[in-house]
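Q: My questions will all concern the structure given below.
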Amino acid sequence: MHDKISDSCNFIFLFFFLPACFASIKQPDFAGQFYPAQREELSALVGSFLEKAGPKPIPGEVFMLISPHAGYGYSGQTAAFGYKLLKNKPYKTVIILGTSHHKLFNGAAIYGQGAFATSLGQVSIDEDFAKSIVGKDPEVFLDESAFSGEHSVEVELPFLQKVLTGFKIVPVVVGDCSLDTCRKIARLFKEAIGERKDVLVVVSTDLYHGYDFEEAARIDAFTLDLIRKMDYERLYYAFRDEKAQACGRFAVVAALNLAKERGCKRAEILNKTNSAIVTARAVKGEWTVGYAGCAIVNPEGESMLNIQQRNKLLKIARDSIETYLKTGKKLQITEIDPVLNQKMGSFVTLNKHGDLRGCIGSLAASQPLYLTVRDMAVEAAADDPRFPALNEPELKEIEIEISVLSPLEKVASADNIELGKHGVLVRRGLQSGVFLPQVAAETGWSKDEFLNNLCAHKAGLPADAWKDKDTELYIFNAEVFK
C-alpha cells in the first residue's frame, strides 16, 4: 500500500512538473514554410548558402549583423554573406533584434527564459543577460506572446546554429518606438554588454515592400546609404516619412545607435538583392521585397600610434623622398619620441592617381621605426624594380601610405589566418614572399586565392606550396595610415 501511494505521488509530481519544463521551449512556427522542416535538408541548404557566399574580408571582429528574414529561397543566400564571417567565432551571447509583424505594442519585448527550437535543435536563452535588461525601463519588458507566430527571430537561428557553437540567445521583438525609446533600448543593451567582446547583435529585417521593382532599387539604395553611414537619427525620420523602408525599422535604428555608442564607425554592405531579382520577375505590379546583409565591426583596439606620431612619420617619409631626389643622400634626422624609437617593421606604399607607384618594406625590426620609414620611403621611390625611379616633379602627385607592423608570429596552418586582419609571410628555404593585410580587402580574394598568389607571385613557389609541411607561415598585424 505504501508503494502504491509513493508511485501515485511521483506520477502526480511528474504530471505537473513536466509541462512546466516543456512550456519554456519555444517551438518553431515556420519550419516547413520559411525553411525546411527536416534536419538534414535544412542543414544541407544552409551549408550550400554558406559555401556559395563570398563576403569581402572585413578587418576586425564583427559586432553586429543586419540580416534579412524572408523565406530561405528568397533571402537565404544574402543572409549567408554575413553569417559566413562568423564561422567558428567565440561568441557566447547573441542578441537577436527582430520586429513585430502582427502584435501592436510600444517598445521592446524580450523572451526571458527557456530555449528556442528549430529543425537543427534547441538554443538556450541567456537568462542572466535578459534579467539584466528587464525592469530598468517600462518600455523594455518580458512578453513571450510577442513571439507567437512571429518569424523575424526564428529564421535567423538555423544560420547561427550552423556557424557557431556553445552560444545562447537573447530574443527581442521591437514594436513601435519613438526616437527616444530607440535610444533607451540602445543604452540598456550597451550597459548590459559592458566590456564583453563575446557578444554579437543580429538585427533581423527586410527592406523595401511594394509593387515597383525600380522603386525598390532606389529606396533600398537610400536606406542602405544611411545604414552605411550609421546615421540613425536621419534614418529614423526617413522611416517615418517612408523615404526609407525596412520592416524592422526601429530595431535597425536602436541597433545603429548601440553600435555608434560603442565606438563603431561604419557598416559594410556585404550583399543586397530583392525578390524581383531572385525570382527573375522584374515586372511592374509584382510584389517586391528588398534584402541586404550588412556587418559592423567592433571598434579597433588601442592603436600603436597616435595621430601626432602618424603625421610625423608621414612627414619623415615625404621629406626623405624629397631630400633623396634632390641630393641623392639620406635625410639626416633624430627623433626623441620613445614610440618612434621602438624597433618595428614597416612598409611604405606610393600611389599616383590611385595606381601603385612603388612599395618596399622591411619585416625585420632591426632599427628604430622612424629610420625604417625613412629608408623604406626612399627605396619605394627609387628602388622598386617594378617601376622606374620617381622623379622630383612627380612627388607632389604622390600619396604616401605607411604600414607599421607587429612582430611576426609563426602559425601551424592557414586555419590561423584571418583575411583582412593578418598580413602573411610565406617562406620555404631561401624563397619568401609577403602580403600586407589590406591586399585581401583590395582584391576580394578568398583565403586560397590569397595564399596561392602569395606563393606563386611573391615567393616564386608553386601556388599550393602553403599546404606543404615544409613551408613556414607567419602572420602579423599592420596599422595603416596615409
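We did not get these values from a lab; they are worked out from the coordinates using the rules stated. Keep in mind it's a predicted model, so treat the numbers as computed, not measured. No Cβ is skipped: glycine too gets one built from the backbone with ideal geometry, and neighbour counts run over all protein chains shown.
Q: Any idea what angle helix 2-22 forms with the longest principal axis of the chain, computed on alpha-carbon atoms, 0 to 90 degrees, nearest 10?
A: For 2-22 against the chain, the angle is about 50 degrees.
Q: Another question, if that's okay. Of F34, P437, S67, which is farthest on the positive side of the dipole of the chain, counting Cα position, with +1 on Lys and Arg Cβ, -1 on Asp and Glu Cβ, and the Cα centre as origin?
A: P437
Q: Ok, one more. Calculate, in nm to one decimal, what N416 and D448 gain on full extension: separation in residues at 0.36 nm each, minus their alpha carbon distance.
A: 10.2 nm
Q: For the pair K396 and E233, how long in nm is the line joining their label points, each one 7 Å along Cα→Cβ?
A: That separation, rounded to one decimal, is 4.1 nm.
Q: Using θ = phi - 60° and the Karplus curve 6.51 cos²θ - 1.76 cosθ + 1.60, what whole-Hz ³J(HN,Hα) does each residue of region 382-390 get, with Gly and Pro shown as x?
A: 3J(HN,Hα) across region 382-390, in whole Hz: 10, 10, 6, x, 7, 9, x, 4, 5.
Q: So, in nm, how far is label K103 from label D137 when the simple model puts each one 7 Å beyond its Cα toward the Cβ?
A: 1.9
Q: Need the list of lysines near K136 for cross-linking: C-alpha distance under 26 angstrom, and skip anything on the same chain fewer than eight residues off.
A: K26, K92, K103, K168, K184, K190, K197, K260
Q: Here's a follow-up. At a Förster distance of 35 Å, what's the computed FRET efficiency of L179 paired with D29, Cβ-Cβ distance as r, to 0.05?
A: Plugging the Cβ-Cβ distance into 1/(1 + (r/R0)^6) gives 0.65.
Q: May I pose another question? Rounded to the nearest Å, what's the spacing between the alpha carbon centres of region 62-127 and region 282-327? Just the number, please.
A: Centre-to-centre (Cα) distance: 30 Å.
Q: Okay, next question. Helix 307-327 sits at what angle to the longest principal axis of the chain, using alpha carbons and giving 0 to 90 degrees rounded to 10?
A: 30
Q: Given K229/K343; K458/K482; K56/K265, which pairs have Cα atoms separated by over 28 Å?
A: K229/K343
Q: Moving on. Between A115 and residues 5 or more places away or on another chain, which pairs have amide H atoms under 5 Å apart, with H built 1.01 Å from N, and which residues are they?
A: I25, K26, I125
Q: Among (i) 0.99; (ii) 0.93; (iii) 1.07, find the value of Rg/Rh (Cα atoms, Kirkwood Rh) that was calculated from the structure presented, and write down its label.
A: Derived directly from the coordinates: (iii).
Q: Along the Cα→Cβ direction, 7 angstrom out, place labels at F222 and K92. What is the inter-label distance in nm?
A: So the two model labels end up 4.4 nm from each other.
Q: Can you give the extra length, in nm with one decimal, that the chain gains between A115 and N341 once fully stretched, where that is 0.36 nm per residue apart less the Cα-Cα distance?
A: Here the segment from A115 to N341 would lengthen by 75.9 nm.
Q: Turning to a different aspect of this structure: To make sure I understand the rule: partners must be lysines, Cα under 16 Å from the Cα of K410, and not fewer than 8 residues away in the same chain. Which ones qualify?
A: The reachable lysines, counting only those whose Cα sits under 16 Å from K410, are K421, K467, K469.
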